[in-house]
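To start, the structure itself, in structure tokens.
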Amino acid sequence: MKKEFPKDFLWGAATSAYQVEGAAELDGKGLSQQDVINRERHEKFGFADASIASDHYHKYKEDIALFKEMGFTSYRFSIAWTRIFPNGDDVVNEEGVQFYRNLIKELKDNGIEPIPTLYHYDLPWALVEKYGGWLSREVVKDFEVFAKYVINEFKDDIKYWITINEQSIIVQYWTQKCYILPEYQDNNQLRYQINHHMNLCQAIAVKYAHEAGALAGPALGYAPVYARTCKPEDQLAALNANDLRNTYYLDVYFRGYYNVAALTYLQQANLAPVIEEGDEALFAANLSDFFAINYYDSQCAHACPEGAERAWSGYNLSGKKGDMSGFETHPGFYQMCPNPELRTTDWDWAIDPIGLEYVYRDLYTRYRVPFMITENGLGAHDELTADGKIHDDYRIDYLREHIQATKRAMDLGVEVLGYMPWSAIDLLSTSNGYKKRYGLVYVDRTDEDPKECQRIRKDSFYWYQKAIASNGTDLD
Ligand code: BG6
């Protein structure tokens, strides 16, 4: 007989600090690299910056009331390092700590499990100025001060810590997710060096979470890679891409070492990180407890000749299908490409619920850890109609199919703790401002005009409310 979702299944949704909070320089908060990056993107592309975002800093009680109305039992958010330590050092900003005390209390008072992320792209700007930010191994010491303080401060309230958000996406889109000083931008080895520093921070965060009696795990943007054809050389290219884009990260988190084929490839290409003695021992001593999956799409690859030119992942900044600027290419290893079998979003992201089922099954076999979905969603041009509604049936279809995929995997024994799609409310997209929306709740603002950031329930809000009330059985 098919099992129901467990009674304590965590239903909720997710956001991150700089994408929703705003108040970028209020109550003692220091600037983060995202405040600076998004200011530059505003000037260059006209996208909103992070100064107001969705004004969650002022409206968090209203937002949590909406979460409760939807029936949430969990909420994934992130703690802005720069609210706690404005300069990235050890000088605490009490007002920033108080904001998260209030947020966590409000969630708990409403029966919602707070699931914080320690790091979601927003490194203190002061550390970029001091030593180039993530480029320097010095960042590990400063991160340790932050992680230790925050985990200890909230140890009575937090059961699950998410450590670092989407390291693999940071490697691919490093100048968007990190502020990289122009003189370093041509040195691609630094992509993997930054990632190595993050792996050290990740392990340290796991260590402190364990000392506090909590569980910890990373959130990785995870897209399985299929072969474009059943030719053996394309299958091998897909394996290579999975090793370098996925397993390279997961093996560190759950086994304590770098994947051999991926690391060897990086060494041959002069892209490998400098690894010091004892680093892998630190990973091995602090393995993660669960895997927080951020799942949006699947990917596709084919074989790539030795003589090809190396290329990194492209962008679609327009929201017009087909405007993807390029595909990652590693000569002699693999080349990414569109999957002709799948439909896509307006931003060319493949829509593939079966891919999520594949991920659960594959990773549970390999790592045997519980999962939670900490992002999953459809970025779209939502329209606020004249009568004040948002008819986002495309989002409802997307979420329904991914919840069904989750259930099918669970029916075959995979352990899933919760489902927290992206995003609880509309927020500043990392790539497309407010043109691309993900929320269950509409935030009435545009890139040009923040207006009052009024909250409006989308059709998906009511649909998700029904889905949660029925514990995932009524998805119509
Ligand atoms: C994930 C990030 O990569 O994808 C989020 O963790 C992000 O921060 C989300 O918003 C969607 O990406 P984008 O570029 O459409 O905002």
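Okay, here's what the table says:
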{"quantity": "Cα gyration tensor category, rounded, prolate or oblate, for region 30-161 with a/c compared to 1.5", "calculated": "oblate"}
{"quantity": "Surface accessible to a 1.4 Å probe, Ser429 within the full protein complex, Å²", "calculated": "10 Å²"}
{"quantity": "Cα gyration tensor category, rounded, prolate or oblate, for the chain with a/c compared to 1.5", "calculated": "rounded"}
{"quantity": "Amide proton proximity set for Ser298, modelled H, under 5 Å, gap of 5+", "calculated": "Ala350, Asp352"}
{"quantity": "For region 345-434, convex hull of alpha carbons as volume per residue, Å³", "calculated": "112 Å³"}
{"quantity": "5 angstrom amide H check on Gln454, placed H, neighbours 5+ away", "calculated": "Asp444"}
{"quantity": "Sparse-neighbour loop sites [GluC sites (Glu not before Pro); region 277-320; at most 12 other C-beta within 10 Å; DSSP]", "calculated": "Glu277, Glu306, Glu309"}
{"quantity": "For the chain: accessible area per residue (Å², 1.4 Å)", "calculated": "38 Å²"}
{"quantity": "Global form of region 242-351, assessed from the alpha-carbon gyration tensor, a/c cut-off 1.5", "calculated": "oblate"}
{"quantity": "Among Thr385, Ile396, Thr374 - extreme Cα towards positive end, dipole of region 348-453, charges at beta-carbon", "calculated": "Thr374"}
{"quantity": "Protection proxy ranking, peptides 71-81, 461-471, 245-255, 337-347, average beta carbon neighbours within 10 Å, highest first", "calculated": "71-81, 245-255, 461-471, 337-347"}
{"quantity": "Qualifying trypsin sites (Lys or Arg not before Pro) for region 83-172 [loop in DSSP, other Cβ within 10 Å: at most 16]", "calculated": "Arg137, Lys155, Lys159"}
{"quantity": "Under Karplus coefficients 6.51, -1.76 and 1.60, residue-wise ³J(HN,Hα) of region 396-402 in Hz, glycine/proline x", "calculated": "4, 4, 4, 5, 4, 5, 7"}
{"quantity": "³J(HN,Hα) computed for each position of region 210-215 - Karplus, 6.51 cos²θ - 1.76 cosθ + 1.60, integer Hz, glycine/proline x", "calculated": "5, 4, 8, x, 9, 9"}
{"quantity": "Calculated [θ] (222 nm, deg cm²/dmol) that DSSP helices of n ≥ 4 give over the chain, each run adding -39,500 (n - 2.57)", "calculated": "-12000 deg cm²/dmol"}
{"quantity": "Alpha carbon centroid spacing (whole Å) that separates region 4-67 from region 392-453", "calculated": "14 Å"}
{"quantity": "Trypsin sites (Lys or Arg not before Pro) lying in DSSP loop within region 368-426, provided at most 10 other Cβ fall within 10 Å", "calculated": "Arg368"}
{"quantity": "Carbon plus sulfur fraction of accessible area for region 302-424, probe 1.4 Å, in percent", "calculated": "52 percent"}
{"quantity": "Cα centroid separation, region 177-253 to region 315-376 (Å)", "calculated": "15 Å"}
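The values are calculated or read from the model by the stated rules, or taken from the named source; none is laboratory data. Model, not experiment: these values are computed from the prediction. So basically every Cβ, Gly included, is an ideal-geometry build from the backbone, and we count neighbours across all protein chains shown. Just the protein is used for accessible areas: all its heavy atoms, side chains included, with ligands, DNA and RNA removed. Shrake-Rupley method; radii C 1.70, N 1.55, O 1.52, S 1.80 Å.
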